[in-house]
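Peer 1: Here it is, the structure in full.
The values are calculated or read from the model by the stated rules, or taken from the named source; none is laboratory data. Quantities reported herein were computed from a predicted structural model and do not represent experimental measurements. Backbone-built Cβ (ideal geometry, glycine too); neighbour counts: all protein chains shown. Heads up: the accessible areas ignore ligands, DNA and RNA and are worked out on the full protein's heavy atoms, side chains in. Shrake-Rupley method; radii C 1.70, N 1.55, O 1.52, S 1.80 Å.
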Amino acid sequence: MTSPALDFRGLKIDVPGPAGPLPLIRDVTLSVGHGEIVGLVGESGSGKSLSALAALGFAPADSRVSGQIRIGDFEVIGAPADRLREVRGRRCAMIFQDATKSLNPYFTLGRQLSDVVSLNRGLSHRDAVDVVTQNLADMNLPDPGLMVGKYPHQLSGGQLQRAMIAMALSCEPEVLLADEPTTALDVTVQAQILVLLRELARQRNLSILFITHDLGVVAALCDRVAVMYAGTIVETAWCTELFANAMHPYTRKLLATAPVLGRGRATLPNIPGRVPELTDRRPGCLFAPRCERATELCREVRPLLLSHEPGHAAACHHPHRIDEVTAREDIFP
Amino acid sequence: MTLGSYIGRRLLMLVIILAGVITITFFLSRVLPGSPVEMMIGYRPTAEEIEAAKIELGLDKSLPVQYLSFLVDAARGDFGKSLSTGRPVIEDIGQRAGATLELTFTSMVLVLLIGIPLGVISAVNREKPADQFVRAVSIAGAALPVFMVGILLQMLFEGQLGWFPLQGRLSSSLLFDGSFEPRTGLYVIDSLIAGSWSTFFDALAHLVLPVATLTLSTLPLVTRITRNMMMEVLEEEYIRTAHAYGVRASYVHYRYALRATLIPLITVAGLTYGYMLGGTVVVEFIFDWPGLGGYLVRSISRNDFPATVGVTTVLAASYLLINLVVDLLYHAVDPRLRNT
């Protein structure tokens with residue numbers, strides 16, 4: 001087996017707190033193969049974006065990062081700033097969540113994008129602008145020649161998001177980190193972008209880590225899914241497998257919270273209890289307080305992410321089994 | 001809103017604010033202890049002399065009447081006659097404006113040229129020795145009052161080293177030999193026009209200490225504001241984006257972040273000018289600089305109502321006008337405000 005395009009092993013990020021370090025990321029182990037699209041799902045604050053940023057060598061101020069992150073053969077953690085530039089953009093590009101804030105309001109789109117292209121691909125400014133114009137056209141943006149002369153505030157959120165994707169692709173990276181790139185867009189634009197990303201993955205053998213909390217998007221786009229809870233990966237599986245046979249009780253509940261058309265508004269379910277605090281130093285499973293399958297074992301021993309089926313791993317002492325058919329009513333009695 | 005109506009509104013505001021400034025200084029100067037009458041007439045005046053002086057100054061009328069007639073005159077640019085020089089206030093101001101302009105303009109340029117780079121270096125090297133040095137020096141500078149800086153500089157550079165003259169704008173030998181004729185009121189420029197190098201260097205030497213004092217007292221403000229603004233910009237998501245796309249750190253800092261800092265800094269330049277006007281009053285007094293600041297101090301201490309109100313109004317107007325220009329400039333350079 002060749003090494004994956006993007007590989008996280010035991011990633012931990014701590015920030016100093018008043019009573020010892022606070023774990024922002026407790027344990028992220030995850031890999032994205034070449035040409036593979038992996039969805040990273042979980043509630044806000046579970047550490048999805050933070051993990052993706054760590055892959056580019058970004059970490060909160062004063063934090064301590066340990067573990068391993070590899071982009072191909074490049075070891076990110078511990079790499080000095082000037083070496084990080086070798087991968088940033090060039091081998092691994094990130095699409096940020098809020099394109100309106102992620103693009104510089106004082107420079108034209110063309111300037112920002114061509115700067116990146118000319119720096120990363122060694123092109124002259126003129127050639128870079130041509131590349132950028134072509135990339136914008138590829139994103140189905142109308143009048144790309146006009147667009148390069150515009151400032152971010154003159155464009156809509158959807159246009160900016162597509163420009164951001166164009167910027168990411170202009171560097172021709174091997175890995176794309178997409179942090180909720182479609183959350184702010186309307187459904188038709190979202191669908192267009194998802195189709196586009198899928199094509200790119202296939203055509204250019206692009207590996208994508210797609211962060212979202214929208215399970216519908218995951219189902220439409222991803223090959224595999226990883227579920228995050230409180231800074232930990234609790235389950236990974238093939239997309240179809242996860243939707244059919246989720247093992248981790250948290251995943252099951254997460255799937256069940258997705259609103260279903262026709263079910264009415266009265267029964268919008270939620271997961272009882274709260275996400276554990278960063279100061280929570282319990283030894284056992286972090287989900288145990290919210291889990292009705294929890295036993296003494298769960299409260300004392302933190303479960304490891306183990307494969308229970310080929311390609312399907314869960315960090316749970318009492319995973320749901322494939323043959324165990326669970327009705328929605330069983331999850332939310 | 002079109003640019004035209006924006007400027008119109010701002011000009012209207014300017015007039016209203018100036019009317020307020022005139023009103024406040026008019027009444028403030030009236031409640032100060034003492035009376036100009038005592039100044040005008042000699043020792044132990046008779047009751048008749050006092051009465052005559054009051055009529056001459058218009059002080060026999062009621063305060064509201066005085067105020068209204070003053071307002072009407074002021075609207076025409078007539079602030080009356082100075083009680084101490086006996087000349088129209090506006091002429092006195094015209095004669096001294098050049099001195100203040102030379103002092104504040106030179107200091108302003110220096111403050112921006114030194115303060116902004118210092119703030120930027122400080123922000124980019126946050127918490128590193130360069131930043132700590134800049135911050136320590138600017139806190140020390142901000143803690144020293146203007147008059148203290150001025151006197152210390154005088155003691156060191158005139159008293160101890162004898163490098164620069166103590167006060168004034170020109171050596172008296174040059175000032176009174178009749179060879180020098182001010183045209184613009186900016187002696188450094190006037191001497192160049194006259195083609196006299198000796199006068200030029202003399203004027204320049206006189207300029208050094210007052211400018212240094214005014215610059216040093218304003219520098220901490222600009223440095224700190226620049227540092228804070230730049231640090232805020234460095235936290236912006238679009239800066240992280242640039243880093244995430246492998247753009248060199250120096251390029252990100254001095255191209256992307258600096259532009260984002262400089263544009264809002266334009267407005268700070270306007271505020272700095274106001275701060276500097278406050279400083280120039282003290283500096284001109286210390287260095288016996290024949291500008292508006294020193295004139296204002298003397299007018300106040302001599303109960304010279306017309307001069308006090310006149311100078312205050314002119315200074316306030318210049319501050320308001322500069323800030324109007326600065327805001328328009330800001331609209332011109334910020335792409336988000338352009339065309340709106």
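Peer 1: Can you tell me how many residues within the stretch B:231-262 are in contact (Cβ under 8 Å) with a residue 60 or more places away in the chain, open to solvent by 10 Å² or more (accessible area, probe 1.4 Å) and within 30 Å of residue B:145 (Cα to Cα)?
Peer 2: Count: 2.
Peer 1: Taking residue B:319 as meeting all but one of (1) open to solvent by less than 30 Å² (accessible area, probe 1.4 Å); (2) modelled with pLDDT of 85 or more; (3) not polar (S, T, N, Q), write down the number of the exception.
Peer 2: Status for residue B:319: all satisfied but (1).
Peer 1: Still on this structure, please answer the following. Give A:62, A:82 a once-over and let me know the one that is on the phi > 0 side of the Ramachandran plot and within 14 Å of chain B (Cβ to nearest Cβ).
Peer 2: Answer to the check: A:62.
Peer 1: Restricting attention to the stretch A:144-183, which residues are without any contact (Cβ under 8 Å) to a residue 40 or more places away in the chain and open to solvent by 20 Å² or more (accessible area, probe 1.4 Å)?
Peer 2: Once the filter is applied, which keeps residues that are without any contact (Cβ under 8 Å) to a residue 40 or more places away in the chain and open to solvent by 20 Å² or more (accessible area, probe 1.4 Å), the stretch A:144-183 yields A:144, A:145, A:146, A:154, A:156, A:159, A:162.
Peer 1: Out of all the residues in the stretch A:65-79, is one or more within 20 Å of residue A:170 (Cβ to Cβ), within 12 Å of chain B (Cβ to nearest Cβ) and open to solvent by less than 10 Å² (accessible area, probe 1.4 Å)?
Peer 2: Checking the stretch A:65-79: not a single residue is within 20 Å of residue A:170 (Cβ to Cβ), within 12 Å of chain B (Cβ to nearest Cβ) and open to solvent by less than 10 Å² (accessible area, probe 1.4 Å).
Peer 1: If you don't mind, another one. Kindly list, by first and then second residue, each pair from a residue in the stretch B:313-340 that is away from chain A (no Cβ under 12 Å) to a residue that is surrounded by 15 or more Cβ atoms within 10 Å (Cβ to Cβ) and not in a helix (DSSP H, G or I), limited to pairs with Cβ atoms under 9 Å and residues at least 6 apart or on different chains.
Peer 2: Matching pairs, first to second residue: B:313/B:79; B:314/B:79.
Peer 1: I've got another one for you. Quick one: which helices (runs of 4 or more DSSP H) lie wholly within the stretch A:44-159 and hold at least 1 residues that are closer than 30 Å to residue B:337 by Cα?
Peer 2: The helices (runs of 4 or more DSSP H) meeting that bar are A:99-102, A:109-121, A:125-138, A:144-147.
Peer 1: So for the stretch B:71-88 (the condition being exposed (fewer than 15 other Cβ atoms within 10 Å of the Cβ) and touching a strand residue (DSSP E or B) at 6+ places or on another chain (Cβ under 9 Å)), does at least one residue qualify?
Peer 2: Yes, some residue in the stretch B:71-88 is exposed (fewer than 15 other Cβ atoms within 10 Å of the Cβ) and touching a strand residue (DSSP E or B) at 6+ places or on another chain (Cβ under 9 Å).
Peer 1: Enumerate the pairs (first residue in the stretch A:294-316 and surrounded by fewer than 19 Cβ atoms within 10 Å (Cβ to Cβ); second residue anywhere and among the β-branched types (Val, Ile, Thr)) with beta-carbon separation below 8 Å, excluding pairs fewer than 6 apart on the same chain, so at least 6 apart or on different chains.
Peer 2: Close Cβ pairs (under 8 Å, with a partner that is among the β-branched types (Val, Ile, Thr)) amount to A:309/A:322.
Peer 1: Of the residues B:248, B:255, which is within 34 Å of the chain's Cα centre (by Cα), within 14 Å of chain A (Cβ to nearest Cβ), of a type in the set (D, E, K, R) and farther than 30 Å from residue B:104 by Cβ?
Peer 2: Just one listed residue meets the conditions, B:255.
Peer 1: Additional query: What is the one condition in (1) modelled with pLDDT of 90 or more; (2) facing another protein chain (nearest Cβ under 8 Å) that residue A:175 does not satisfy?
Peer 2: Of the numbered conditions (1) modelled with pLDDT of 90 or more; (2) facing another protein chain (nearest Cβ under 8 Å), the odd one out for residue A:175 is (2).
Peer 1: May I ask you to list the residues in the stretch B:290-340 that are in a helix (DSSP H, G or I) and of a type in the set (Lys, Arg)?
Peer 2: Of everything in the stretch B:290-340, just one residue is in a helix (DSSP H, G or I) and of a type in the set (Lys, Arg), namely B:298.
Peer 1: Follow-up question, since we're still on this one. Within the stretch A:144-164, how many residues turn out to be of a type in the set (Gly, Ala, Ser), within 13 Å of chain B (Cβ to nearest Cβ) and within 25 Å of the chain's Cα centre (by Cα)? Don't jump to the end; show me each part of the working.
Peer 2: Within the stretch A:144-164, the first condition is being of a type in the set (Gly, Ala, Ser), and the residues that meet it are A:145, A:149, A:156-158, A:163.
Those still in the list that are within 13 Å of chain B (Cβ to nearest Cβ) too: A:149, A:163.
Next cut, within 25 Å of the chain's Cα centre (by Cα) only: A:163.
So the count comes out to 1.
Peer 1: Taking the stated definitions as given, is residue A:89 at the interface with another protein chain (Cβ under 10 Å from one of its Cβ atoms), touching a helix residue (DSSP H, G or I) at 6+ places or on another chain (Cβ under 7 Å) and either touching a residue at least 24 places away in the same chain (Cβ under 8 Å) or hydroxyl-bearing (Ser, Thr, Tyr) (or both)?
Peer 2: Yes; evaluated as a whole, the condition is true for this residue.
Peer 1: While we're looking at this one, here's another question. Here is a check on your reading of the model: is residue A:51 touching a residue at least 40 places away in the same chain (Cβ under 8 Å) and open to solvent by 50 Å² or more (accessible area, probe 1.4 Å)?
Peer 2: no
Peer 1: Any idea which of B:51, B:91 is assigned to a helix (DSSP H, G or I), open to solvent by 50 Å² or more (accessible area, probe 1.4 Å) and under 22 Å from residue B:294 (Cβ atoms)?
Peer 2: When all the criteria are applied, what remains is B:91.
Peer 1: Taking residue B:218, is it part of a helix (DSSP H, G or I), within 14 Å of the chain's Cα centre (by Cα) and more than 14 Å from chain A (Cβ to nearest Cβ)?
Peer 2: yes
Peer 1: Restricting attention to the stretch B:229-238, does a residue exist that is under 18 Å from residue B:317 (Cα atoms) and more than 13 Å from every other protein chain (Cβ to nearest Cβ)?
Peer 2: Within the stretch B:229-238, none of the residues are under 18 Å from residue B:317 (Cα atoms) and more than 13 Å from every other protein chain (Cβ to nearest Cβ).
Peer 1: While we're here: Cβ-Cβ below 6 Å, separation at least six or inter-chain, first residue in the stretch A:184-201 and open to solvent by 30 Å² or more (accessible area, probe 1.4 Å), second modelled with pLDDT under 85 and assigned to a helix (DSSP H, G or I): which pairs?
Peer 2: A:184/A:157
Peer 1: Can you tell me which residues in the stretch A:103-143 are without any contact (Cβ under 8 Å) to a residue 12 or more places away in the chain and either more than 29 Å from the chain's Cα centre (by Cα) or away from every other protein chain (no Cβ under 14 Å) (or both)?
Peer 2: Residues satisfying the conditions are A:122, A:123, A:124, A:125, A:126, A:127, A:130, A:134, A:137, A:142, A:143.
Peer 1: What strands (runs of 3 or more DSSP E) lie completely within the stretch A:222-333 and have 2 or more residues being modelled with pLDDT of 90 or more?
Peer 2: A:224-229, A:232-238, A:312-314
Peer 1: Give just the number: which of (1) part of a strand (DSSP E or B); (2) of a type in the set (Gly, Ala, Ser); (3) buried (at least 20 other Cβ atoms within 10 Å of the Cβ) does residue A:10 not satisfy?
Peer 2: (3)
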